[in-house]
Amino acid sequence: MLPPTTLAVARGELLLVTGERQDQRTALALLLSGRMKPTGGELGWDNSRRTKQLRLAAALVDSPGVNEPEEHLSVRDLVTEDLALIPRRYRGALLSGPWLKVNRFEDIAALWTEQLEPGRRLELLTALALANPRTDLLVVDSPDRHSADLDTWLPRLQELASDAGRPLAVVAAVSAVPAPWDGPVAVIGNAEAAETGQDPEDQEATEDQETELETEVAK
């Protein structure tokens, strides 16, 4: 599902990981958010190799075919469903109406999720992910698939990573690195390429390839 890949991300940092294939970007997102266990290699968070600890700290955002919002679902219902998933001890009295008002999403509450502009969609989904106070790591699956305009996703992710009040580790799996970006970058398959001496972008991908993951998500 995923060629050997090595990367690290810290709180306060936005890391872009590139990969041409959607299935590999999604596999990476599932692994980095603790939703899937690697068949080999190492995966860790805060000096722990326990998948459970990573899963508790990470939020998977807008992964196609996994947890992207259903098209025929109102924003209000989406918020109600997502808030209900927060552990009760952290959720308190969170209700969709007050949450939408406090987070300034009242203007889109009655819209279907499919009607949302890409930038507003990402704002909503990341805000919902952060409603859980345990979230320290955001893993965003292919935010560039909704629009060719990088302003619909890059500034928001940069803002979240650099928030002094709540610095997050943010990983975005994207199809390509946008031209203005000069921050940290990793490439899916970079560990395999290093072993063979190939440029990772020149590697041929095969549909039935099953390899081990060598990934470290570090504090």
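The values are calculated or read from the model by the stated rules, or taken from the named source; none is laboratory data. What you are looking at is a predicted structure, and each value in this text was computed from that prediction instead of being measured. Using ideal geometry, Cβ is built from the backbone for each residue, glycine included, and neighbour counts are taken over all protein chains shown.
A few points about this structure:
- Lone unmet requirement of (1) part of a loop (DSSP other than H, G, I, E, B); (2) at pLDDT 90 or above; (3) in contact with a Leu (Cβ under 6 Å, 6 or more places away or on another chain) for Leu83: (1)
- Within the range 14-53, considering residues that are in contact with a Pro (Cβ under 8 Å, 6 or more places away or on another chain) and either surrounded by fewer than 17 Cβ atoms within 10 Å (Cβ to Cβ) or modelled with pLDDT under 95 (or both), the one nearest to His146 (Cα to Cα): Gln22
- Residue that is nearest to Gln158 (Cα to Cα), among those in the range 11-42 that are among the hydrophobic types (A, V, I, L, M, F, W, C) and touching a Gly at 6+ places or on another chain (Cβ under 8 Å): Leu14
- Of everything listed in (1) surrounded by 12 or more Cβ atoms within 10 Å (Cβ to Cβ); (2) farther than 19 Å from Ala29 by Cα, the single unmet condition for Leu56 is (2).
- Search result, residues across the range 133-151 that are assigned to a helix (DSSP H, G or I), under 15 Å from the mean Cα position of the chain (by Cα) and either crowded, with 21+ Cβ neighbours inside 10 Å or without any contact (Cβ under 8 Å) to a residue 40 or more places away in the chain (or both): Pro143, Asp144
- Checking Ala161, Ala193, Ala169 one by one, the residue that is at pLDDT below 95, buried (at least 18 other Cβ atoms within 10 Å of the Cβ) and either within 13 Å of Val61 (Cα to Cα) or in contact with an Asp or Glu (Cβ under 8 Å, 6 or more places away or on another chain) (or both) is Ala193 and no other.
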